[in-house]
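What follows is a short report on a single structure.
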């Protein structure tokens with residue numbers, strides 16, 4: 001008897017913040033424009049570079065400028081890598097807003113897993129581009145080497161993330177308004193977070 005068909009894994013949309021969801025959808029369009037079928041960290045990083053509204057874009061700009069590097073040169077290098085990189089389909093997808101399934105590469109799953117670890121440590125239930133940028137510094141991911149050449153290391157990004165968070169930590173901040181606008185990450189109890197995270201990177205399950 002033939003074995004039961006296995007379902008493709010799916011990134012849990014309930015754990016993806018609005019900002020990251022917009023960027024993932026933009027990355028899916030960029031993927032098609034490049035004639036590729038699997039979303040890689042390189043294409044997602046290129047989308048960060050091309051998306052001024054993303055937290056990761058602002059972090060990258062500050063880090064690169066602070067180290068005396070040229071933003072334009074960084075963009076050119078990541079664009080070249082995005083065009084060149086081809087990755088296999090590991091049967092795990094993001095479902096874009098047009099309901100297309102967008103295959104994610106094995107390295108992008110590593111990035112998301114690291115982003116998930118960071119969110120868990122910060123007791124944040126929604127993933128944002130800032131979490132994903134931290135995940136891209138993991139040395140198991142090829143794009144980390146480019147980031148490191150520009151001084152964008154794990155510690156540098158984590159320090160910048162702390163600064164980003166501290167900038168909003170004022171008594172005049174309207175957290176309710178920010179949450180309604182999707183500009184702040186909701187915080188839930190650790191137990192609920194851990195329970196919900198189980199579904200994020202669960203690989204293929206039997207139908």
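Inspection of the range 152-171 finds no residue satisfying the criterion of being touching a residue at least 12 places away in the same chain (Cβ under 8 Å), within 25 Å of residue 13 (Cβ to Cβ) and in a loop (DSSP other than H, G, I, E, B). Return yes or no: is residue 115 in contact with a strand residue (DSSP E or B) (Cβ under 8 Å, 6 or more places away or on another chain), closer than 17 Å to residue 153 by Cβ and not in a strand (DSSP E or B)? Yes: the conditions hold for residue 115.
Scanning the range 123-141 for residues that are surrounded by fewer than 15 Cβ atoms within 10 Å (Cβ to Cβ) and touching a residue at least 12 places away in the same chain (Cβ under 8 Å) returns 123, 140.
Every read-out reported here was derived from the displayed coordinates using simple, explicitly stated rules and does not represent laboratory data. Predicted model only: the values in this text are computed from it and were never measured. Backbone-built Cβ (ideal geometry, glycine too); neighbour counts: all protein chains shown.
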